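Just below is one structure, and these are the notes that go with it.
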Amino acid sequence: RAKAQGRGRHEVFDATMHASTIALLQLENDLRRAVQRQEFQVYYQPIIALDTGRIAGFEALVRWHHPERGFVSPSEFITTTEETGLIIPLGAWVLRQACLQLQQWQTEFATYPPLTMSVNISSTQLSHPDFSEQVSQILQEVALEPGSLKLEITESVLMENADAAASLLEQLRAQTIHLCIDDFGTGYSSLSYLQRFPINMLKVDKSFVTNLGVDEESSEIVRAIISLGNNLGMYVTAEGVETEEQLVQLWALHCDYGQGYLFSKPLKSEDARALLEASPQW
Ligand code: C2E
Ligand code: MG
Ligand code: MG
Ligand code: MG
């Protein structure tokens, strides 16, 4: 009896495994097709300079409009594109789109300082030997000032391949591209890497920002990150700002930039342009 039960469980386990394997293969297949059929779109979320309240730049966030499933969130497919290597063509496409878009907006809206564009970079892209070359090629093609481009990398990606990352980041930095640590505070941080890598910006993870003004610990963590960043010569951006209360706290802490639904959700290109047009003249 026990044996029969055991086998029954085994079969159920197999069946679920089987179903999830099929779902994964389906997803891979759909993603390959999506790259070819251009089902992806880049959305842009404004990043606000908190001292002036003006739009300093945007973060490019990829969107997938699946023909049957509709909108699919990046959290559901980025990992698969990394595992299958599809992030290489997809990431290059996002980077080129975002750079082209920024070049257009910089021409149309000649602000000072110039608008910037932040682009998320995954571990697979970073460990690709041609990455730095690819980035500089895109910047040249698009005729974009490298100082306007910010690459967002998470702590865990840096730590995974620290030696390769160090020389790559130096190459990018030499091109005057800016480097940001995304979701800061959530990785396993040995803070020594902040000295080791040429980092310009820390993005405080949303989880700390959410509880600003709610619990004292979150406020202390955000305060500590801001002073750590500033003391090391880095700017600090708060992610996921949703309420006035959080904004008031961020002002009090002298946080440099903010990003979140309080200011705007990620927008389609036309809507982001309209927002720029409606913004106060500089
Ligand atoms: P991320 O880089 O940390 O991006 C911020 C995420 O928070 C975005 O989710 C954004 O829509 C969301 N967000 C912004 N403000 C708020 C807010 O006030 N409240 C809440 N609840 N959420 C907010 P999204 O667009 O779903 O992207 C999720 C993650 O997928 C990104 O996290 C990034 O890690 C990854 N991702 C997105 N686009 C790309 C891409 O082109 N390449 C790569 N490699 N990864 C990407
Ligand atoms: Mg990001
Ligand atoms: Mg982030
Ligand atoms: Mg995040």
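The values are calculated or read from the model by the stated rules, or taken from the named source; none is laboratory data. Remember, predicted model here, so these are calculated numbers, not experimental data. Methodologically, a virtual Cβ is constructed for each residue, glycine included, from the backbone with ideal geometry; neighbour enumeration extends over all protein chains shown. In case anyone asks, the SASA skips ligands and DNA or RNA and just uses the protein heavy atoms, side chains included. Shrake-Rupley method; radii C 1.70, N 1.55, O 1.52, S 1.80 Å.
Worth pointing out:
- In degrees, nearest ten, helix 131-142 long axis to first principal axis of the chain (Cα): 50
- Protein accessible area in the range 13-115, 1.4 Å probe - carbon and sulfur %: 55
- Counting only protein heavy atoms and using a 1.4 Å probe, the accessible area of GLU68 comes to about 140 Å².
- Relative intensity, log₁₀ I(q)/I(0), of the range 106-201 from a Debye sum that treats every alpha carbon as a point, q = 0.13, 0.21 Å⁻¹: -0.45, -1.06
- Helical contribution to [θ] at 222 nm, DSSP H n ≥ 4, -39,500 (n - 2.57), averaged over the chain, rounded to 500: -16500 deg cm²/dmol
- In this entry, the chain is assigned a mean projected area of 18.5 nm², taken as a quarter of its C-alpha convex hull surface.
- Net charge dipole, the chain: roughly 680 debye, given to the nearest 20, about the Cα centre with Cβ charges of +1 for Lys and Arg and -1 for Asp and Glu.
- Each of LEU25 and SER279 was given a label point 7 Å from its Cα along the Cα-to-Cβ line. The distance between the two points is 4.8 nm.
- Shape class for the range 54-146: oblate, because the ratio a/c of the largest to smallest gyration tensor axis (alpha-carbon atoms, square roots of eigenvalues) is 1.5 or more and b/c is at least a/b.
- Förster radius 25 Å - calculated FRET efficiency between VAL214 and THR186 (Cβ-Cβ, nearest 0.05): 0.90
- Under 19 Å from a label point set 7 Å out along the Cα-to-Cβ vector of GLU141, the amide N atoms of the range 82-104 belong to 86-104.
- Cα-based helix-to-principal-axis angle, 74-84 vs the chain, degrees rounded to 10: 70
- Largest-first principal axis extents of the Cα set of the range 191-282 (Å): 42, 33, 23
- The amide H of LEU50, built 1.01 Å from its N in the peptide plane, has TYR257, GLY258 as neighbours under 5 Å, considering only residues 5 or more places off or on other chains.
- Net dipole in debye of the range 73-181 [+1 Lys, Arg Cβ; -1 Asp, Glu Cβ; about Cα centre; nearest 20]: 300
- For SER123, the accessible surface of its heavy atoms amounts to roughly 30 Å² (probe 1.4 Å, protein chains only, rounded to the nearest 10).
- Extended-chain gain in nm, criterion 0.36 nm per residue less alpha-carbon gap, ASN231 and ALA164: 21.5 nm
- For LEU115, no residue has an amide H sitting under 5 Å from its own, ignoring neighbours fewer than 5 places away on the same chain, with H placed 1.01 Å from N.
- For SER192, solvent-accessible area (1.4 Å; no DNA, RNA or ligand), Å²: 70
- Compared with the dominant Cα axis of the chain, that is its longest principal axis, helix 269-278 is turned about 20°.
- Largest-first principal axis extents of the Cα set of the range 124-282 (Å): 45, 42, 25
- Loop trypsin sites (Lys or Arg not before Pro), the range 51-148 (other Cβ atoms within 10 Å of the site Cβ: 11 or fewer; DSSP): ARG69
- The residues of the range 190-263 expose, per residue, 48 Å² of accessible area to a 1.4 Å probe.
- Karplus-derived 3J(HN,Hα), 6.51/-1.76/1.60, for each residue of the range 241-251, Hz, glycine and proline x: 6, 10, 10, 4, 4, 5, 4, 4, 4, 5, 4
- Each of HIS66, THR116, SER167 was placed along the dipole of the chain (beta-carbon charges, centred on the mean Cα), and the one lying farthest toward the positive end is HIS66.
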